[in-house]
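What follows is calculated from the coordinates using simple rules that are stated; it is not laboratory data. Since the structure is predicted, the reported quantities are computational estimates derived from the model, not experimental observations. Glycine gets a Cβ as well: all are built from the backbone with ideal geometry, and neighbour counts include every protein chain shown.
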Amino acid sequence: MSVVVVGGGISGLVAARTLEAAGEEVILLEMAERLGGKIVTHEIRDAVIEGGPDWFITRVPEALELCRDLGIEDRLVSPVGSGTLVLRRGKMRPFPRGFVRGIPPSARAALQSRFVSPVGALRALADYVLPGPLTGPDVSVGALVRRRLGRQVLERLVEPMLAASRSGAPDEISLAAGAPEIDAAARSSRSVMRALRREAREPAMLPPFLGVRGGMEHVVHALSGGLKKTQVMLRSEVTTIERAGSGWHVELGSGGRLEARATVIAAPAPAAAIMLRASAPEAATRLATIRYEPAAVIGLVYPVGSAPPPEGATGVVVPPSERRNLTACAWFSSKWPHMTGPQGPDVMRAFVGGDAALAEEDALVEGVAAEIATLTGAPATPDGHVITRWRHALPVMRVRHFELIDAIEAALPPGLALAGAALRGSGLPDCIRSGAAAASAVAAAER
């Protein structure tokens, strides 16, 4: 009997690849009309624009190793330039380098950043004298940073960086799941700043971020093209997964049914919860508590030379306190010039989160273009745009998230495994790792 993989995003594709390597026959079900999940690359007006992630980190090795295994390492490129601006009181200000998720390497660095007052910098000194290191169960990012470094560091430095990459508010985001570098620093030293500073001294052997020449979908194409024993079925929604003897019935929305020896579910938590209601009700109930927030990624195309970036920056982060639709935007064609070529247009990539991301398309694009024009001086009306919406963009990993995932996995019967961004990290390396781990678990299950 085949092993069924539900979900054709990066986690599901890696799961299918891992199962093939273990000698399994695989059926991959994807409810959309394409593979890749949140990895999607658009082409518009001589520009290639990402609708999902445009890079992966190299500090965690899984994505880089996968590209090497797939034979596409020669496509990997570093961004041209770096540097982040933060909108504060309506003005874009350079964010200091060397801060880890907004945590300064010292109180002096916090003061020199001009994001915190002398009183705020003085308060950050408490990190050196408060009892530590952190012990016991998980805490929120907000609780840890507020206690050790103070409210100003949290609100003016950490929260803007957190909002650019995580869903949820600082006081609900798990420190272990949402900011693992800070969690490790807090648990290894009585001073978070000192621990992060020591880690920063280690020489980096690779660029911190890498993109893919021609678009991230090349990873998807290489993965799917390398599947030899996997039957891919698009437009195939799964409604229920039920025990059938020593195997599983996988019920399809079309009314069909597949028989499976084992199943990997690489789908967002709400969808996985529905599929598991009959076969693993406790796991389903817990999965249903994982909340997602919607997001929209909008690529805006402008005449060449009309939207140049500020010196020393490739993007701007907009904290929630600024009360704008934008959460961030990037000078995409300056950051990744290979995506447009030397004579290509200027491209901005904007991000909108929350309910604003679900607004009517024309109104959403018009509002975002107006905000970008006000902030950057770009033309008020772009030559074109492409929009990608994600109703389930990123999971909110709340305090004790990993404990929740442990309980969910413990409640799964043998022969069922989960993979994806809702488990132990939402970055590409995390999703790749979860897909491989889920596949290995079911491949090892008793036949």
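Which residue fluctuates the most in the chain, going by a Gaussian network model with Cα springs under 10 Å, if the choices are Glu403, Glu251, Glu181?
Evaluated over the chain, the most mobile residue of the options is Glu403.
Can you compute the FRET efficiency between Asp74 and Ala370 using 1/(1 + (r/R0)^6), with r the Cβ-Cβ distance and R0 = 45 Å? Round to the nearest 0.05. Walk me through the numbers on the way to the answer.
Working: r = 41 Å, r/R0 = 0.90.
It comes out at approximately 0.65.
Taking the Cα atoms of the chain, report the difference between the largest and smallest coordinate on each principal axis, in whole Å and largest first.
Sorted largest first, the three principal extents are 68, 57, 41 Å.
If one computes the Cα centroid of the stretch 213-284 and of the stretch 346-415, what distance in Å separates the two points?
Result: 25 Å between the Cα centres.
For the stretch 96-200, what Kirkwood radius comes out of the mean inverse Cα-Cα distance, in Å?
13.2
Obtain the nm distance between the two label points defined at Ala380 and Glu403 by a simple spin-label model: each point lies 7 Å from its Cα along the Cα-to-C-beta direction.
The two pseudo-label positions are separated by 5.4 nm.
With a ≥ b ≥ c taken as the square roots of the eigenvalues of the C-alpha gyration tensor of the stretch 319-447, please select rounded if a/c is under 1.5 and otherwise prolate if a/b is larger than b/c or oblate if it is not? Before the final figure, lay out the partial values.
On the way: a/c = 3.25, a/b = 2.11, b/c = 1.54.
Note, shape of the stretch 319-447 comes out prolate.
For the stretch 53-92, what log10 I(q)/I(0) values come out of the Debye formula at q = 0.19, 0.20, 0.25, 0.29 1/Å, with one point per alpha carbon and no solvent?
Ignoring solvent entirely, the Cα scatterers give -0.67, -0.71, -0.92, -1.07.
Starting from the Cα of Ala363, step 7 Å along the direction of its Cβ; do the same at Glu242; then give the gap between the two resulting points in nm.
Roughly 4.3 nm, to one decimal.
What's the FRET efficiency of Ser117 with Arg187 using the Cβ-Cβ distance as r and R₀ = 22 Å, to the nearest 0.05? Could the numbers behind the result be given before it?
Working: r = 29 Å, r/R0 = 1.34.
Once the sixth-power term is evaluated, E becomes 0.15.
According to the square roots a ≥ b ≥ c of the eigenvalues of the Cα gyration tensor, what is the shape class of the stretch 60-119, taking rounded for a/c under 1.5, prolate for a/b larger than b/c otherwise, and oblate for the remainder?
Note, shape of the stretch 60-119 comes out prolate.
What is the sum of charges, Lys and Arg at +1 and Asp and Glu at -1, for the other residues whose Cβ falls under 14 Å from the Cβ of Ala439? Provide the component values of the computation, followed by the final result.
On the way: positive: Arg17, Lys229, Arg261, Arg433; negative: Glu20, Glu24, Glu25, Glu62.
Combined, the nearby Lys, Arg, Asp and Glu give 0.
Which helices, taking whole DSSP H runs in the chain, have alpha carbons extending 18 angstrom or more along the helix axis plus mean Kyte-Doolittle at least 1.6?
The qualifying helices: there are none.
How about Lys91: which lysines have a C-alpha closer than 27 Å to its C-alpha, ignoring those fewer than 8 places off in the same chain?
Cross-link targets: Lys335.
Mind giving me the FRET efficiency for Arg257 and Met205? R0 is 56 Å, r the Cβ-Cβ distance, nearest 0.05 is fine. List each step's numbers first, then the result.
Values: r = 50 Å, r/R0 = 0.90.
The formula returns an efficiency of 0.65 here.
Antiparallel as a % of all DSSP beta bridges within the chain, to the nearest 5?
Numbers: 49 of 69 bridges.
For the chain, the DSSP antiparallel bridge percentage is about 70.
Answer rounded, prolate or oblate for the stretch 230-269, using the Cα gyration tensor with square roots of eigenvalues a ≥ b ≥ c: rounded when a/c is under 1.5, else prolate when a/b is larger than b/c, else oblate.
The shape class here is rounded.
Could you grab the relative contact order for the chain? Cα pairs under 8 Å, six or more apart, rounded to a whole percent.
About 25 percent, as a whole number.
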